[in-house]
Ligand code: SF4
């Protein structure tokens, strides 16, 4: 597996990249693998088991639904989100999976309550987000069984790939300007007289040409803007049973109704930044389309800060948007290869904390920061997210997740501004803070890592 920024930014459906997008991709790839092995025609039955965090919060995160979609051939990027509920209810009612993979298609019986299990007391050895799929022939002989791990941000690894050193090594092998740490990234910038975004851009050229990179990044920006626009107008109660009302449409109307009054308040820009983040994360909670950045739970921070750049910073232009996403991607790669972007592994510091750090660095660069200031911005943003736990109420990506993205976006802007006021020198390096985040995640009790067994998830009574 290579780490390209196009592995970091992907089109996903809500509410969770690790618990929805990852299992959906894994289920699809399981059938594709059976096709490769020429076992498709023999499939008569399929069983699915979820373990660890996927089992504990899978219901609230729609993990079961994601499996039903992926195993039938749907993928997060192309599925029509309006059709999702219909496909799921049909599958459950008819007790059948319609496996549909280009020229390969068939129906097999599937009774959700018998064939899909959340094993809440069992964790697989390599990662909290483990799952196993098995296919059987008509004599009930097991044709194939495969274990997958959803390691955050929609990344899925098979058991043999789970050693993260594979990720680092393959990244180092391929790209023109390799870096494994922030120090090496800064050294590449210094040696080549590059900005951070230029290092990433040059590295991406081994996968895509220049035009494609720019087009694809601007496409992500458009999807982010569409998501924000939908969040502005989609009213109602979020699904899942907590009865959380969407706030973004109300805030949007408030801000539009009193433009002059808002101008008198120099901090009204913060209301807009909050609004952008709320809009994205409410869409995500409702199962809508978002860009994982670096995860779905934290998908509001990058779009909120990028909207801030595009709407409130006079120097903003398309090239700035591209550089913003390239720089954010560089920072995400550092966390992905040296720590984790999975809430189930290191708590919310790995999701909202990482998104905040990415956004801070990216904003700092497009506002003219030096590479040292950009590294400083990323470090400040993570330093003040260290220890952030993951304790979603009811296992839903709603409370505290939605508001937390708004807070993360504001913190990112502040981190960028603080870094821009300095000269780049600082006490704690980004590498040190990344290592600290990893260590803190390791020390964090299990109940604070996407299990809904600690924190707000147990201190707030669901009604
Ligand atoms: S608390 Fe943070 S890590 Fe946990 S589900 Fe919410 S956004 Fe993701």
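Bear in mind these aren't lab numbers, they're just calculated from the coordinates by the rules spelled out. Note that this is a predicted model, so its numbers are computed, not measured. Every residue, glycine among them, receives a Cβ derived from its backbone with ideal geometry; neighbour counts consider all protein chains shown.
Observations on the structure shown:
- For region 45-180, radius of gyration divided by Kirkwood radius, i.e. Rg to Rh on alpha-carbons: 1.02
- On Cα atoms only, tilt of 318-338 relative to the major axis of the chain in degrees: 60 degrees
- Size of region 175-249: Rg and Dmax of its alpha carbons, in Å, are 19.7, 55.
- Rounded tilt (10° steps) of 22-36 against the dominant C-alpha axis of the chain: 50 degrees
- Cβ-based exposure ranking for 216, 265, in which fewest neighbours within 10 Å come first: 265, 216
- Fraction of beta bridges assigned by DSSP in the chain that are antiparallel (%, nearest 5): 85 percent
- Point-to-point label distance, residue 226-residue 319, nm (Cα→Cβ direction, 7 Å offset): 2.8 nm
- Rough spin-label spacing in nm, given labels placed 7 Å along Cα→Cβ, for residue 456 and residue 270: 1.9 nm
- Calculated [θ] (222 nm, deg cm²/dmol) that DSSP helices of n ≥ 4 give over the chain, each run adding -39,500 (n - 2.57): -16000 deg cm²/dmol
- Principal-axis analysis of the Cα atoms of the chain puts helix 430-443 at an angle of about 40° to the longest axis.
- Computed packing ranks the peptides 402-409, 374-381 as 374-381, 402-409, most packed first, by mean other Cβ atoms within 10 Å.
- Computed over region 355-463, the convex hull of the alpha-carbon atoms projects to a mean area of 7.0 nm².
- Inverse mean reciprocal Cα-Cα distance (Kirkwood Rh) of region 194-318, Å: 16.0 Å
- Residues residue 75 and residue 122, FRET efficiency given R0 of 22 Å [Cβ-Cβ distance, rounded to 0.05]: 0.20
- Under the Debye formula (equal points on every Cα, no solvent term), log10 I(q)/I(0) of the chain at q = 0.06, 0.08, 0.10 Å⁻¹: -0.25, -0.44, -0.69
- Part-to-part distance (alpha-carbon centres) for region 87-122 and region 242-268, which is given in Å: 43 Å
- Over region 96-154, the pair-distance histogram of Cα-Cα distances with 5 Å bins from zero comes to 4, 12, 18, 24, 20, 14, 7, 1 percent, rounded to whole numbers.
- Percentage of interatomic Cα-Cα distances in region 1-60 larger than 14 Å: 68 percent
- Extension gain, residue 423-residue 83: 0.36 nm per intervening residue step, less the Cα-Cα distance, totals 117.2 nm.
- Gyration tensor over the Cα atoms of region 16-114: the corresponding equivalent ellipsoid has semi-axes (square roots of 5 times the eigenvalues, largest first) of 20, 15, 14 Å.
- Residue separation of residue 111 and residue 414 scaled by 0.36 nm, minus their Cα-Cα distance, works out to 104.0 nm of gained length.
- A simple spin-label model places pseudo-atoms 7 Å from Cα toward Cβ; at residue 205 and residue 92 they are separated by 5.2 nm.
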